[in-house]
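The values are calculated or read from the model by the stated rules, or taken from the named source; none is laboratory data. Because the structure is a prediction, the values reported are computed rather than measured. As a convention, Cβ positions derive from the backbone with ideal geometry for all residues, glycine included, and neighbour counts pool all protein chains shown. Heavy atoms of the whole protein, side chains included, go into the accessibility calculation; ligands, DNA and RNA do not. Shrake-Rupley method; radii C 1.70, N 1.55, O 1.52, S 1.80 Å.
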Amino acid sequence: MKPSHKEMPAARSRGFAAIFRRVWEILEPWQRRRALGVSVLITLTALVETLSVVSIVPFISLVANPAALSKGGLLGTAYAMSGVTSERSFLLLVGFAVLAVLVLGNAFKTFTAWRIALFTNLVGHELSVRLVSAYLSQPYAFFLTRHSAEFAKSILDEVSQVTNRIIQPAMLALSRLVVTVFIGAVLVAADPLVALLVVVVLGGAYSLIFLALRGVIARSGQVRYEANQLRYHVVSEGFAGIKEIKMLGLEAVYAARFAGPSERFARTQAGNQIISLAPRHSLEAIAFGGVLGLVLYLLDTRQTLENALPVVALFAFAGYRILPGLQEIYASLTTIRFAAPTIEALHRDLTTMRPPAEPVHIAAPLPLTRAIRFEKVTFAYPNAERPALRAVELEIPRGARVGVVGPTGSGKSTLIDLLLGLIVPTEGRILADDGPLDGDETLRRWRAGIGYVPQHIFIADETVAANIAFGRPHQAIDRAAVERAARAAQLHDFIVNELPGGYDARVGERGVRLSGGQRQRLGIARALYGDPAILVLDEATSALDSATEDAVMAAIDALDRDRTIIMIAHRLRTVERCDMRVEIKKGVLSVSQQTQG
Ligand SMILES: Nc1ncnc2c1ncn2[C@@H]1O[C@H](COP(=O)(O)OP(=O)(O)OP(=O)(O)O)[C@@H](O)[C@H]1O
Ligand SMILES: [Mg+2]
């Protein structure tokens, strides 16, 4: 089966400047400051590391020619001033000093590595938190257009891609680059010709390899990104639809649907790993040959071993730092390029979706004293050919009991979602009393005053009590209110008599341990818990037998008369007690008053 490759802007290969600019743009100001701080630390570490490489020179030249101590020079002066009596003990002293520099250098390196790790991981943490908050605060309509698996992927997977495969390698590359430049400078001072040769051969080799492969890397990075997206989709759909999959015997089909992208994912990962490691071995051979050649060359130009040895030692020791350094720079750059599509996607989401500036609290309900009014409201779903509701005029006085009927697909749920402020009119407006329902804050307060029982009830894997008092912290749950709500929803008897654990029983993820009707009654109890002034029920009793439905309706009917109730039903008898009936046909409303029956 051919996977649908979504066209992404990231399919164009991007340069490093663009990648780093995007990373910089998604960082908070304090993170940028800290990034600069860590960069300074990296530079200092590189300096110390260079020092530890260079410090080998005086030691080796001393070993090669102890007699030089009496001839003055830097070491001779140090010897004279040290107060050490024998050349041998001075040698020992210098040895210890070299060792100390090395140990200190490594300790400093560890410290810097820790700061880098801390920085990148905290950035990862903060980016995930920002994404969760940004996604959650999107308007409801946003979620109608995105696959739910995308969120988990961005929050859990892409963020760590950006930190582990872009930010961390970038820091590593920077640190190796600085060390290489410093050590390179020392080599130039020691022997410009040889140093130039080293730089040209090694640097040139890595550059050529990278330039030759960068197209391949960018393309496989894109394939990896798309394959990963499919993996997440299949996993989330496969398990969400487990009942249907079992019934239709689709286990193997779904497993195979996963296998395709999973293999592409694995192969591109492997490809990238080998591309970033491969040059090392061949270049190590070149470098080893180079050291041999260098020894012969230096012996030839500097005549004696004692003259040649310090420089040979310096180059050998420097090579021991520079070669892995270059390898790491190269590997980091390939990794960054491979991960480039991730930063594109994350950058897009983080810059277009802003999390709320302040944490939003549960709002105080917006009071309704006179009526809810729809004025010429038209609503069309994104990408829909025709509007789901057309030119709706409707006035619902406070305390009215409204029954909404109409064939399936006629627009009942859409009307309710508009009323709830989950979606906003494409044209026209909705007013509560005379205030228009728009703007985040108003809609939030409006929703806070509504008890809503949706067509499909979401149940969290918590206790029954926590599900009725949904979202409240445990210690804030009002047990008496929970029981009152459960009694009205005709659920109390079932909870205390049949559910082991009663109100403290856990009901399983998405309520798998409840029947359809029990789930519905739990939804009703939840809507009643907050004692809302407006109650909205979307097919809330469709799964109940008529005796239980009658009991639930009687309980709702017995609520005080200034409560506004709007209910959708397929069965006319459900709404016969309403005083107003709204009928929808293909998105067009007709309203009739009913006499109390
Ligand atoms: N997210 C969406 N995107 C595009 N079209 C949608 C979306 N949701 C619903 N629709 C369309 O809008 C129309 C009205 O849907 P709505 O859910 O309001 O119907 P309904 O009257 O509640 O039906 P039912 O009784 O089956 O629940 C339908 O034609 C449906 O296909
Ligand atoms: Mg519906």
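Sequence-ordered 3J(HN,Hα) estimates for segment 470-476 from the Karplus curve with 6.51, -1.76 and 1.60 and θ = phi - 60° stand at 4, x, 7, x, 3, 6, 9 Hz, glycine and proline given as x. Summarising the amide proton neighbourhood of G428: residues at separation of 5 or more, or on other chains, whose placed amide H is nearer than 5 Å comprise T378.
What is the Cα centroid distance between segment 535-595 and segment 146-170, reported in whole angstrom? Answer, in whole Å: 46.
The phi-based Karplus calculation (6.51 cos²θ - 1.76 cosθ + 1.60; θ = phi - 60°) puts the 3J(HN,Hα) values of segment 380-386 at 10, 5, x, 6, 7, 6, 10 Hz, whole numbers, x for Gly and Pro. Ignoring aspartates and glutamates fewer than eight residues from K246 along the same chain, the ones with Cα atoms less than 17 angstrom from its Cα are E237. If the segment from T426 to V132 were pulled out straight at 0.36 nm per residue, it would be longer than the present Cα-Cα gap by 103.1 nm. Of the peptides 302-308, 558-564, the order by per-residue mean of other Cβ atoms within 10 Å, starting with the highest, comes out as 302-308, 558-564.
Between D557 and D300, residue separation times 0.36 nm minus the direct Cα-Cα distance comes to 81.9 nm. Normalising by the residue count of segment 371-593, find the relative contact order in percent from Cα pairs under 8 Å and 6+ residues apart. Answer for segment 371-593 is 30 percent. Counting only aspartates and glutamates at least 8 places from K376 when in the same chain, those with an alpha carbon closer than 20 Å to its own are E385, E393, E395, D417, E427, D433, D434, D438, E583. Probing with 1.4 Å while keeping every protein chain in the model, the per residue accessible area of segment 371-593 equals 47 Å². When both bridge partners sit in the chain, DSSP labels roughly 55% of those beta bridges antiparallel. For the chain, averaging the sequence separation of C-alpha pairs within contact (under 8 Å, six or more residues apart) and dividing by the residue count gives a relative contact order of 15 percent. Accessible surface calculations at 1.4 Å, restricted to protein heavy atoms, place segment 16-352 at 51 Å² per residue.
Counting protein heavy atoms only, the chain has 62 percent of its accessible area on carbon and sulfur, 1.4 angstrom probe. Could you work out how much longer the chain between R571 and A285 gets when fully extended? Use 0.36 nm per residue separation minus the Cα distance between them, nm to one decimal. Working it through step by step, the gained length comes to 94.7 nm. Each label was represented as a point 7 Å from its Cα along the Cα-to-Cβ direction; for Y320 and L47 these points are 2.5 nm apart.
Taking a ≥ b ≥ c as the square roots of the Cα gyration tensor eigenvalues, with a/c under 1.5 meaning rounded and otherwise prolate when a/b beats b/c, else oblate, which class fits the chain? Taking the square roots of the gyration eigenvalues as a ≥ b ≥ c, the chain is prolate.
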